[in-house]
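Here's the structure, in structure tokens; my notes come after.
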Amino acid sequence: KNTSGGRAVNLDCEGVLDGAIQVASTNCDERPDGETISLVVIHAISLPPGVFGGDAIVRLFTNTLDCAGHPSFDILRELRVSAHFLIRRAGEIVQFVPCGKRAWHAGASCYAGRERCNDFSVGIELEGTDDGAFAAAQYDCLAVLAGNLQACLPLREIAGHSDLAPGRKSDPGVRFDWRRVLAGLARAARA
């Protein structure tokens, strides 16, 4: 068993993470038949921009966001989006979509010559901004989560949203510490 902050972190055969807060999103569907999940995509999100700790991200992913609640929300009115996981600033994991299903997180995307990255990826959102630092607890939790996913799924690569949609997306941003993530994955693999 892997642990994060004293919590058990185990993925079941449906791709549901034991120890995560479960909040079901309808912004998902079935993956194409025979598709192999080979990529983890790292995102950054905060709603309103730069504000942490509220319920707006959960509301966005569950189609219950009051778009009149903040001026920046108006552009989200017709958006239907989700991720498999959200890692909060303190390292708490919220799961919206089982890994066996296709979450709608990458949008128009291409990675290593393959389009439609939602088909073959798991999306992990970090509560943060493209230009801010992420919390140590988030990196620790991400390493454990990604290591567990790697042990259960045929993952081969990890990339940022900006790698899949350059020019359109910039997350997780220039301050995201890829070396720390890769070192954490190596530690998780040895655990």
Inset, instruction - Starting from segment 119-140, take each residue that is closer than 20 Å to K101 by Cα and of a type in the set (G, A, S) and list its partners that are part of a strand (DSSP E or B) and modelled with pLDDT of 95 or more, counting only C-beta distances under 7 angstrom and pairs at least six apart or across chains. - result: S121/L39; S121/V40; S121/V41; G123/V41; G123/H43; G123/A103
Legend entry - Any hit, segment 11-20, residues being under 19 Å from G160 (Cα atoms), in contact (Cβ under 8 Å) with a residue 40 or more places away in the chain and part of a strand (DSSP E or B): no
Inset, instruction - Kindly indicate the residue of segment 34-51 that is of a type in the set (A, V, I, L, M, F, W, C) and crowded, with 16+ Cβ neighbours inside 10 Å and also nearest to R114 (Cα to Cα) among those meeting that condition. - result: L39
Inset, instruction - Please find, among R116, R80, R89, R59, the residue that is modelled with pLDDT of 95 or more and closer than 18 Å to L164 by Cβ. - result: R116
Inset, instruction - Quickly run through segment 100-136 and pick out the residues that are touching a Leu at 6+ places or on another chain (Cβ under 7 Å) and over 14 Å from A159 (Cα atoms). - result: E127, F134
Legend entry - Within segment 131-190, considering residues that are outside any helix (DSSP H, G or I) and of a type in the set (A, V, I, L, M), the one surrounded by the fewest Cβ atoms within 10 Å (Cβ to Cβ): V174
Legend entry - Among (1) out of contact with any strand residue (DSSP E or B) (no Cβ under 8 Å at 6 or more places or on another chain); (2) closer than 20 Å to R116 by Cα - the single one N63 does not satisfy: (2)
Legend entry - Among residues of segment 92-129, those that are in a strand (DSSP E or B) and acidic (D, E), counted: 3
Inset, instruction - For segment 53-91, name all the residues that are closer than 24 Å to A159 by Cβ and either part of a loop (DSSP other than H, G, I, E, B) or open to solvent by 30 Å² or more (accessible area, probe 1.4 Å) (or both). - result: L79, R80, V81, S82, A83, H84, R88, R89, G91
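Just to be sure I understand, how many residues within segment 92-106 are within 26 Å of G167 (Cα to Cα) and of a type in the set (D, E, K, R)?
From segment 92-106, those within 26 Å of G167 (Cα to Cα) are 102-106; that's our starting set.
When the remaining residues are screened for being of a type in the set (D, E, K, R), the result is 102.
Selection size over segment 92-106: 1.
Residues R7, R31: which one is modelled with pLDDT of 95 or more and either open to solvent by 20 Å² or more (accessible area, probe 1.4 Å) or over 25 Å from A136 (Cβ atoms) (or both)? Let's see the steps before the verdict.
Details: R7 fails: modelled with pLDDT of 95 or more.
Just one listed residue meets the conditions, R31.
The values are calculated or read from the model by the stated rules, or taken from the named source; none is laboratory data. These numbers come from a predicted model, not from an experiment. In this analysis, Cβ positions are derived from the backbone assuming ideal geometry, glycine residues included, and neighbour counts consider all displayed protein chains. In case anyone asks, the SASA skips ligands and DNA or RNA and just uses the protein heavy atoms, side chains included. Shrake-Rupley method; radii C 1.70, N 1.55, O 1.52, S 1.80 Å.
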